[in-house]
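Novice: Encoded as structure tokens, here's the structure I'll be asking about.
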Amino acid sequence: MVGRLFIVLLSSTAFGCAAAHAQSSKHYTHASPAFSLDYPAGYTLNETYTDYRFGPANRIHGVALTVPVSLATNSNLSVNSYVSVEWLDGTACTIDQFLQNASPPTKVSDRGVEYQKATSSSAGAGNFYDETVFLKGCLVVRYFVHTLNFSGFPPGVVKEFDRAALMASFDAIRRSLK
């Protein structure tokens, strides 16, 4: 049985540019399934991460990288944002196995790598949850961004996080996966 490998990238305030990512990154290697990736220094590695969103009978085990608290400090970005690599046993993967209430998948190409891409958003009690999932074969890269309603803060108390910089950081992590 072939393992399903997923990368879940969940929220953070980002580095800003690929050069900063390269200068301050760490390398992680996982034995089974075999993969490696580079991630920014300051992220907290959790090698016992499990995604329970599809219920206890459909747990997805993986590795999560929680963003540094410093990335969310004084912004509307939540500190529980993270990147994770997840896997299941099986021979075929579909986006709906990893992302609930997803938009219809679209085909995208990034630096010669073809993916199916889907997004999902939800909100509640002043919290916003945005996910973007990239699927290639049985590999899924997920970006999860948890933010607080910026307009709910008094002016000057927090700054709005830099979404473009965050996405650039997540892209750099996804592109480093081998």
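The values are calculated or read from the model by the stated rules, or taken from the named source; none is laboratory data. Given the structure is predicted, the values throughout are model-derived calculations rather than measurements. Backbone-built Cβ (ideal geometry, glycine too); neighbour counts: all protein chains shown. These accessible areas exclude ligands, DNA and RNA; they are computed on the full protein's heavy atoms, side chains included. Shrake-Rupley method; radii C 1.70, N 1.55, O 1.52, S 1.80 Å.
Novice: Just by accessible area at a 1.4 angstrom probe, what is the order of S109, S81, S25 from largest to smallest?
Specialist: S109, S25, S81
Novice: Would you check the accessible area of V157, probe 1.4 Å, heavy atoms only, in square angstrom rounded to 10?
Specialist: That residue has around 80 Å² of solvent-accessible surface.
Novice: Sticking with this one: At 0.36 nm per residue, minus the direct Cα-Cα distance, what do T50 and F150 gain on full extension? Give it in nm, one decimal, please.
Specialist: Gain on stretching T50 to F150: 33.0 nm.
Novice: Provide the net charge surrounding E114, with neighbours chosen by a C-beta distance below 9 Å and charges set as Lys +1, Arg +1, Asp -1, Glu -1.
Specialist: Summing Lys/Arg as +1 and Asp/Glu as -1 gives +1.
Novice: Keeping every protein chain in place, order Y43, Y129 by accessible area at 1.4 Å, biggest value first, i.e. largest first.
Specialist: Y129, Y43
Novice: Follow-up. Pulled fully out, how much extra length does the chain show between A125 and N58, if you take 0.36 nm times their separation in residues and subtract their Cα-Cα distance?
Specialist: 21.4 nm
Novice: Could you order F150, F161 so the one with the most accessible surface comes first? Probe is 1.4 Å.
Specialist: F150, F161
Novice: On C-alpha positions alone, give me the angle between the axis of helix 163-176 and the longest principal axis of the chain, in degrees, nearest 10.
Specialist: Relative to the chain, helix 163-176 is tipped by roughly 30 degrees.
Novice: Now for a different question. Suppose all protein chains stay in the model; what accessible area per residue would a 1.4 Å probe give for the chain, in Å²?
Specialist: 50
Novice: Which one is right for this structure if Rg and Dmax of the Cα atoms in Å is calculated from it: [x] 15.9, 55; [y] 16.1, 49; [z] 29.5, 116?
Specialist: [x]
Novice: Something else now. Sum -39500 (n - 2.57) across every DSSP H segment of at least 4 residues in the chain, then divide by the residue count to get the 222 nm mean residue ellipticity, nearest 500.
Specialist: Rounded to the nearest 500, the figure is -3500 deg cm²/dmol.
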